[in-house]
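Enquirer: Shown below is the structure under consideration.
The values are calculated or read from the model by the stated rules, or taken from the named source; none is laboratory data. These figures come from a predicted structure and were not determined experimentally. Glycine gets a Cβ as well: all are built from the backbone with ideal geometry, and neighbour counts include every protein chain shown. Quick note on the areas: whole protein, heavy atoms, side chains included, nothing else; ligands and nucleic acids left out. Shrake-Rupley method; radii C 1.70, N 1.55, O 1.52, S 1.80 Å.
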Amino acid sequence: MLNPDEVEFSAIRAQGPGGQNVNKVSNAVHARFDIAASSLPDAVKERLLALRDTRITKDGVVVLKAQQARSLEANKEEALRRLQELVDSVAVLAKPRRPTRPTRSSQRKRLDGKTKDAAVKKLRGKVEM
């Protein structure tokens, strides 16, 4: 589980339409999370740093911007939720794939299909008299 105290929030102005309110109120949130300085397990940190994600800087800091809601608190919760999703995506190890061979029946079906297609194509040739 992610510790919210390790996430640094800064309020910024939201982009897009909204009229006068957008220009006055800083309701969007930039959430910065330093992977190396966090209390996450080392294996999770390594997998997070290995991700090829544009939200992770070269210094190993995850930067998220949340601006969907009109309130600062709701945007903070949204940023925390998305950060938790990112951490959860690397927390579970993918099961290694064991290569399998095609069955004898599937090989036979494939070759029979190729033979049938070849016969049809052979019939398309020029007719000689």
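Enquirer: Is there any pair with a first residue in the stretch 33-52 that is farther than 19 Å from residue 65 by Cβ and without any contact (Cβ under 8 Å) to a residue 24 or more places away in the chain and a second that is open to solvent by less than 70 Å² (accessible area, probe 1.4 Å) and among the hydroxyl-bearing types (Ser, Thr, Tyr) whose Cβ atoms are under 9 Å apart and which are 6 or more apart or on different chains, and what are they?
Expert: Between residues of the stretch 33-52 that are farther than 19 Å from residue 65 by Cβ and without any contact (Cβ under 8 Å) to a residue 24 or more places away in the chain and residues that are open to solvent by less than 70 Å² (accessible area, probe 1.4 Å) and among the hydroxyl-bearing types (Ser, Thr, Tyr), the close pairs are 45/38.
Enquirer: Still on this structure, I have one more. Before we move on, is residue 97 modelled with pLDDT of 90 or more, open to solvent by 60 Å² or more (accessible area, probe 1.4 Å) and not in a loop (DSSP other than H, G, I, E, B)?
Expert: Working: modelled with pLDDT of 90 or more: yes; open to solvent by 60 Å² or more (accessible area, probe 1.4 Å): yes; not in a loop (DSSP other than H, G, I, E, B): no.
For residue 97, the condition - modelled with pLDDT of 90 or more, open to solvent by 60 Å² or more (accessible area, probe 1.4 Å) and not in a loop (DSSP other than H, G, I, E, B) - is not met.
Enquirer: Being hydroxyl-bearing (Ser, Thr, Tyr) and without any contact (Cβ under 8 Å) to a residue 12 or more places away in the chain is the filter here, so list the residues in the stretch 53-101 that pass it. Before the answer, list the steps.
Expert: Of the stretch 53-101, the ones hydroxyl-bearing (Ser, Thr, Tyr) are 54, 57, 71, 89, 100.
Within the stretch 53-101, 54, 57, 89, 100 meet the criteria.
Enquirer: Go over the candidates 93, 48, 80, 86 one by one and state the one that is under 25 Å from residue 3 (Cβ atoms) and in contact with a Pro (Cβ under 8 Å, 6 or more places away or on another chain).
Expert: On the way: 93 fails: in contact with a Pro (Cβ under 8 Å, 6 or more places away or on another chain); 48 fails: in contact with a Pro (Cβ under 8 Å, 6 or more places away or on another chain); 86 fails: in contact with a Pro (Cβ under 8 Å, 6 or more places away or on another chain).
None of the others qualify; the one that does is 80.
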